[in-house]
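Working notes, beginning with the structure itself.
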Amino acid sequence: AQVAISLIPNSSFVLAGHGTRCVLLPRHMERRESGPRREGGEREEGKWRLLNPLSIRFSQPRIAPQFRDGRLVDETVEEVYDEALDSVTRPAAGGKPPRDSASGPPPYDALLVPPFPAIRVISWRPKLRDASGEAQRDARGEVVLGKRNWFALDNRRLQCMQQAAAKLWPRRCCMAVRCLEEVPGTSTIRELRKFRTTTEGKSVDVAFHFGDSKHWSWAQDAPPGTIHGLDAHAEVEPEGVFAEDLWDAEAWAPHAVEKSKRAAAASKGAALDDDEEEQPQSRTRSAPVAPVEALVAGKTQEPADAMGASRTVGARHCVLADCPLTGWQYVDPQGRLQGPFDLAKMQLWNTLGFFYPTLPMRCDAADEFVPFAHLWPTGAEPFSRQVIRYRP
């Protein structure tokens with residue numbers, strides 16, 4: 001069947017889509033299709049806006065305490081810096097903010113600038129879910145929706161920024177975010193299928209392993225005595241629930257936007273905390289140990305078997321030595337060298353289950369990288385006493 005739609009010229013609605021899949025949208029959404037493009041022709045997603053991180057909700061019920069590159073969220077908070085808003089709140093190059101954004105100076109006390117790409121947010125009414133994750137339904141069997149709010153698609157980044165903002169409470173902070181639009185046929189719709197929060201996004205569980213988590217909300221990190229009349233699910237209302245209600249970040253904080261863009265370009269498209277990786281993956285705490293000679297085909301020499309003893313395995317010289325206090329390095333899944341780190345940090349990350357058997361690692365820059373599982377004597381706890389060093 002065909003449906004004819006007549007639109008009034010200069011009306012506030014447009015027909016968007018292609019082929020037989022079209023939808024009637026507010027006219028402001030049409031701008032997205034003609035927005036700026038990145039290198040390579042890809043359109044830049046969403047509108048840059050200023051938003052208080054404490055007013056943004058988590059879209060998932062559970063996150064890992066580290067980013068995909070191995071950095072802990074708690075440590076990354078120290079890399080977030082704040083600026084007095086009166087030193088940056090002026091339209092760039094003396095221009096005026098776009099008409100489709102809030103007018104007047106932003107009502108914030110500080111601007112937070114993170115070391116990673118901007119958080120993507122979407123204005124959304126979530127399904128209300130019980131503690132088991134099942135959607136709640138009314139007497140007629142219809143799904144019950146919660147209040148519209150801003151929800152993050154990058155949940156670990158959000159926790160990092162909420163920690164930074166909570167430390168400055170009751171000062172009102174903001175950051176540059178990218179407000180995405182709910183347009184059919186875009187990646188945003190796929191992201192929405194992952195919205196599984198059971199607290200309307202007011203809090204989140206933080207854990208590496210299922211069944212071993214810490215429930216967290218920003219109020220826990222606020223200075224003592226500053227949370228008056230607010231519970232553990234403290235709510236901060238946003239200045240608006242649509243991009244048109246918020247202040248344009250490119251106009252009021254252009255340097256923060258540019259830093260975010262540079263961070264995104266440096267990541268080469270690899271998301272820092274892609275929500276497909278958001279759910280913690282269970283990993284073996286003590287990596288299975290493989291014989292040293294398994295690294296060299298056709299060789300049957302025994303590995304080092306006593307402190308200070310050594311063996312030659314193929315072209316490698318293997319030495320059993322004390323675990324050094326510093327100098328530990330590994331190659332992350334994106335092929336980037338990480339480290340050097342000290343032994344205490346490596347012990348912590350191992351306890352949290354970060355390392356996996358095939359992760360390339362070494363304890364000294366003079367050694368060769370070998371799989372994590374090949375660094376330890378049979379039956380030894382990683383990073384506890386001894387390590388097998390492989391030298392050219």
Inset, instruction - Round to the nearest 10 and report in Å² the accessible area of residue 354, as given by a 1.4 Å probe over the protein chains' heavy atoms. - result: 10 Å²
Inset, instruction - Compute, for residue 388, the solvent-accessible surface of its heavy atoms (probe 1.4 Å) with the complete set of protein chains present, and express it in square angstrom to the nearest 10. - result: 10 Å²
Inset, instruction - Output the pairs from 214/259; 47/167; 214/261; 147/214 with a Cα-Cα distance over 30 Å in this structure; if there are none, say none. - result: 214/259; 214/261
Inset, instruction - Express in Å², to the nearest 10, the accessible area of residue 113 obtained by rolling a 1.4 Å probe over the protein heavy atoms while all chains stay in place. - result: 0 Å²
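The values are calculated or read from the model by the stated rules, or taken from the named source; none is laboratory data. Keep in mind that what you see is a predicted model, and the values were worked out from it rather than measured. These area figures cover heavy atoms from the full protein model, side chains too; ligands, DNA and RNA do not enter into them. Shrake-Rupley method; radii C 1.70, N 1.55, O 1.52, S 1.80 Å.
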